[in-house]
Amino acid sequence: MGRGKKKRYGRRQASYTKRKLRPTLQGTLRVLRPGVAHIVSDEGTFVVARRGLREAMDGDLVAFSLIHKGPSDVQAYVQSVIQRGTVTFLGSYADLAPLGVVVPMDERIQRDFLILPSDHSARKHKVSEGDIVSARIIRYPTRNEPGIVTIAKRLGSATELDLDMESVVASYGLAVAFPEAALKEARAIAVDVEQALATEKIRQDLRNLVCVTIDPADARDYDDAVSVRELDGGQIELGVHIADVSHYVPWNSSLDVEARQRTCSVYLADRVIPMLPHELSNDACSLMPQQDRLAMSVLIRLDKTAHVLSWKAFPSVIRSRARLTYEQVDSVLAGKLHCSQLPCEPKLASIIEKTLHTLNCLSHQRQQVRAKRGSIDFESVESRVVLDENNRPIGVSVRQKTDATSLVEEAMLLANECVAHTLNDAKLQCAYRVHEAPQADALLGAVALLRELDIAKGALGDRICAGDPYAIQQVLSSVAGTPEEYLVSSLLLRAQSKAVYAPYNQGHYALGATAYCHFTSPIRRYSDVLVHRALKALLKGKTFEAVELVCATQPQTTAALASDAKFARAARVSSAVHTSQKKTDLLPQLCRTCSEKERTADAAARASQRVKMAQYYDQRIGEKTMATVTGCERFGAFVTLDTTYADGLIPMKLLGDEWFVFDEAHMSLTGESTGVVLRPGSRVAVQVRSTNIPRGQIDLALISKDELG
């Protein structure tokens, strides 16, 4: 009887599924964590139903169907795998003679893979029990059969490697090695400045300009340089010079295909996984001091108040005169470092010092210009674990915005806008950087928390909920320099929409920009390479002199940069170069991939810092410090530690002897005995109790402030 019912139920279920799961769509599967995945398709992004993955793996191109389980509950079911996205993975080796087994380090891969007795790759690579290996999939697993792999490379033993960091690399599917074809192309590259000047009519020689690079002290790839010149009438010419990566990476070359797949460099706590081989990123394309380098330059003419008068963009040759760090620049600006101590030719020291002061003045003026048009500057803190030569944590570096970082940022923002307007006015498709206004629901949640903090009350909160950027500016300004600054900025930042790449310009909400793109980091972002190619296509389709002339003589209204009344816009070149049009059909997918991989790279970087931060605090069990509550849940309170800005959790069991009640409406925890209320913004004393290094988790206990000592 039971079997009969089950059989009839099975027929009804199959009939329902057949009726409801059509038509079949196509998309890319993204597994976020075990059992949680979504599919990105042209029709949208859909959550994969429980047990809806079948044999698919992260990155696979899949055929899928949708089923509506409710008015707003649409779930996807994988029907089949069209193309595999995972070819190799990292895992630990186990010898179960006569078979070998590779257990994936990526927790999203829920199957172990076998090595057949006839496969001698373990012996060939001298792999021992417990070693970490790179395995290449020969046969993918099904519901009935295990997957088969062969060992491509031995990475090391468990004692030789930081397995927690290797798990991060594996779990985010980061490519750690370049294919030989790409490496061969990179090794063949030679910098030939004179040939480029002789053969490219639109390339200009700017080696007479005093250009400098300004980067973090630990930077290895220098893809931007800046210069300034004083002009008649108090005007200033700001020069932004960017490594000409597209000159060395032609479309569809092996280097280009690999960069297209990676789309960006990934900056982990203990390493950089570059988009391009080091022969390019650290040599041929790097704007090293005292070396002639090919660049893409934007020369921007500004008036006394830093409003844009005109600009021109073109390929160039430059020579960086000094490689400066943010710390050196801040010291010069503060009068703590004399220009004679800068790493440059003595005769240029005073010129470079004046350049830095001029750039700093422009930076402050440009911030005012952007603020007037509704640009929002969120205060952020970058906390990075400092490692020794063996990648063991020895400290934490907290980086905040300074005059040095701001002067570079403002120059880059302005160059990006100029190039975006040039391309947009020429009606060229490209990888524009698009940022939409935040969703009302996200803002409502942020404002509710702000009101709990006695911030953004009344009409001001209503304006924020409506997406008024000036209201957001007002709130951020009101908490500047207070203990609540970081929390408030984080709340409002999390409420913002995610910026993405798109083939058409749609403006940038947070910057208050009517056109924006990424142009200034082609060594580490593929979107910038696409922008460089589009700009070169425009310049070659119309003579450089004509484009420059129109840029300088066709000032537009305030619509150009919202508040730059004299901002001249680029020519509307109707005969846009057709060579780039062959690539436009790929642009939507390229933009989607750049957006997806950017999010993956950011998530991997954060995960790696959490792992290293947990390693750091694993040596400091029992340490006491102050912290700020950033969120409350039924299981405890999230906090940010004062000294390192590390995130930790006070689980419910470590909140003390009393019971805390969670109030979802006010996102708070209240002690039943004492009435103590924990909510975002609360200041608390905590003690480090334990760590979970693989998960990057730090558990803390709530203590009294008297116990801090």
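Some observations on this one:
- Karplus (6.51, -1.76, 1.60) ³J(HN,Hα), θ = phi - 60°, over segment 102-118, in Hz, Gly and Pro reported as x: 10, 9, x, 7, 6, 5, 6, 8, 8, 10, 8, 10, 9, 10, 5, x, 6
- Taking label positions 7 Å along the Cα-Cβ direction at both Val191 and Ser397, the computed distance is 2.4 nm, reported to one decimal.
- Relative contact order, percent, the chain [alpha-carbon distance under 8 Å, six or more residues apart]: 10
- A cut-off of 5 Å between modelled amide H atoms, ignoring neighbours fewer than 5 places along the same chain, links Ala513 with His508.
- Hypothetical label at Val47: residues of segment 613-642 whose amide nitrogen lies under 14 Å (7 Å Cα-Cβ projection): none
- ³J(HN,Hα) computed for each position of segment 309-324 - Karplus, 6.51 cos²θ - 1.76 cosθ + 1.60, integer Hz, glycine/proline x: 9, 6, 7, 8, 10, 6, x, 8, 10, 10, 9, 5, 9, 6, 9, 10
- Residue-averaged [θ]222 nm for the chain, counting only DSSP H segments that reach four residues, each worth -39500 (n - 2.57): -9500 deg cm²/dmol
- Whole-number D in µm² s⁻¹ for segment 437-496, Kirkwood Cα-pair radius fed into Stokes-Einstein, 4 °C, 1.567 mPa s: 118
- Ordering of 37-43, 260-266 by burial proxy (mean other Cβ atoms within 10 Å per residue, highest first): 260-266, 37-43
- Distance between the modelled labels on Leu586 and Gln261, one decimal in nanometres: 1.4 nm (7 Å Cα→Cβ projection).
- Sequence-distant residues sharing a close amide H with Val48 (under 5 Å, placed H): Ala37, His38, Ile39, Ala76
- Computed FRET value (nearest 0.05) for Thr358 with Trp659, which takes r as the C-beta separation and R₀ as 51 Å: 0.25
- Listing Cys285, Cys517 from fewest to most neighbouring C-beta atoms within 10 Å gives Cys285, Cys517.
- Segment 372-408-segment 78-97 distance, computed between alpha-carbon centres (Å): 37
- Take the Cα of Glu230, go 7 Å toward its beta carbon, and the backbone nitrogen atoms of segment 340-377 under 20 Å from that spot belong to 340, 347-366.
- Available extension along the chain between Gln506 and Arg84 is 148.6 nm, counting 0.36 nm per residue and deducting the alpha carbon span.
- For segment 374-402, the residues whose amide N sits under 15 Å from a probe point set 7 Å from the Cα of Leu337 along the beta carbon direction are 402.
- Long-range amide H partners of Ser310 with built H, under 5 Å: Arg301, Ala568
- With 20 Å as the limit, the listed pairs Lys336/Lys401; Lys612/Lys705; Lys427/Lys540; Lys201/Lys312; Lys498/Lys612 have Lys612/Lys705; Lys498/Lys612 beyond it between alpha carbons.
- Karplus-derived 3J(HN,Hα) values for segment 270-277, using 6.51 cos²θ - 1.76 cosθ + 1.60 with θ = phi - 60°, are 10, 6, 10, 9, x, 6, 10, x Hz; glycine and proline are entered as x.
- Legend: calculated FRET efficiency, Arg139 to Arg271, from the Cβ-Cβ distance at R0 = 35 Å, rounded to 0.05, equals 0.65.
- Packing-based ranking of 246-254, 508-516, 185-193 yields 508-516, 246-254, 185-193, ordered from highest to lowest mean Cβ neighbour count within 10 Å.
- Net length available on complete extension from Gln26 to Leu116 is 29.0 nm, with 0.36 nm assigned per residue and the Cα-Cα distance removed.
- Label-point separation in nm, Leu348 to Lys184, each point 7 Å along Cα→Cβ: 3.9
FYI, it's all coordinate maths here, none of it is from the lab. Note that the structure is a prediction, hence the values are computed from the model and not measured. Note: ideal-geometry Cβ built from the backbone for every residue, glycine included; neighbour counts use all protein chains shown.
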